[in-house]
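Enquirer: Mind having a look at this structure? Questions to follow.
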């Protein structure tokens, strides 16, 4: 379904861009000379411009937002386990998911809150192992 939507957006862009350009370049100066012509111009150009803006948003902005969101998720939740990202060592950045007291790499002591999170994650892993058996 996504492919059809993108194809329709490209079609709308290919149709509305030239039609809007023709209206603005060829028809607009003639219609702008009279008061009735200005009203017709507004009623003609506004929907075409709106269609052009909507298709541009679908073609450019939607994929850009999707890419930025995926990049953010990739950077910020790589190691989430049980909805919790395991703490890292303040000294060297080592992943402390199995070391609640001190970093095995550099020996830096783990602060109290991080140690509690690590112990909680260890307990959850053990409960999962018991439930699988």
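Bear in mind these aren't lab numbers, they're just calculated from the coordinates by the rules spelled out. All of these numbers come straight from a predicted model, not from anything done at the bench. Neighbour counts are summed over all protein chains in view; Cβ atoms, including those assigned to glycine, are modelled from backbone coordinates with ideal geometry.
Enquirer: Taking Cα pairs under 8 Å and at least six residues apart, what relative contact order does the chain come out at, in percent? Present the calculation step by step, with values, prior to reporting the outcome.
Expert: Details: 87 pairs, mean separation 20.9, N = 133.
Worked out over the chain, it gives 16 percent.
Enquirer: Next question, about the same structure. Tell me the angle of helix 2-22 to the major Cα principal axis of the chain, expressed in degrees between 0 and 90 and rounded to the nearest ten.
Expert: Helix 2-22 sits at roughly 30 degrees to that axis.
Enquirer: Have a look at 99, 49, 34 and tell me which one the Gaussian network model of the chain (Cα, springs below 10 Å) gives the largest fluctuation.
Expert: 34
Enquirer: Now, a different point. Expressed in whole Å with the largest first, what are the equivalent ellipsoid semi-axes of region 31-97 derived from the C-alpha gyration tensor as the square root of 5 times each eigenvalue? Show your work: numbers first, answer last.
Expert: Numbers: eigenvalues 614, 20, 13 Å².
Semi-axes, largest first: 55, 10, 8 Å.
Enquirer: Using helices alone, I'd like the mean residue ellipticity at 222 nm for the chain: each DSSP H run of four-plus residues gives -39500 (n - 2.57), total over residue count, nearest 500. Don't skip to the end; give the middle numbers.
Expert: Working: 5 runs with 83 residues, N = 133.
When only DSSP H runs of four or more count, the value is -21000 deg cm²/dmol.
Enquirer: Here's another thing I want to ask about it. When a/c reaches 1.5 or more, the comparison of a/b and b/c decides; with that in mind, is the chain rounded, prolate or oblate per its Cα gyration tensor?
Expert: Working: a/c = 5.36, a/b = 3.65, b/c = 1.47.
Prolate shape, in that a/c is at least 1.5 and a/b is the bigger ratio.
Enquirer: Alpha carbon centre of region 78-133 versus region 44-71: separation in Å?
Expert: 43 Å
Enquirer: If one takes the longest principal axis of the Cα atoms in the chain, at what angle in degrees, from 0 to 90 and to the nearest 10, does the Cα axis of helix 62-76 lie?
Expert: Computed tilt is about 10 degrees.
Enquirer: Further, regarding this structure: Each label point is 7 Å from the Cα along the Cα-to-Cβ direction; what then is the distance between the points at residue 36 and residue 22, in nm?
Expert: 2.4 nm
Enquirer: Need one word for region 71-133: rounded, prolate or oblate. Basis is the Cα gyration tensor (sqrt eigenvalues a ≥ b ≥ c); a/c below 1.5 gives rounded, then a/b vs b/c decides. Present the calculation step by step, with values, prior to reporting the outcome.
Expert: On the way: a/c = 2.32, a/b = 1.18, b/c = 1.97.
Because a/c hits 1.5 or more and a/b fails to exceed b/c, region 71-133 counts as oblate.
Enquirer: On C-alpha positions alone, give me the angle between the axis of helix 35-56 and the longest principal axis of the chain, in degrees, nearest 10.
Expert: 30 degrees
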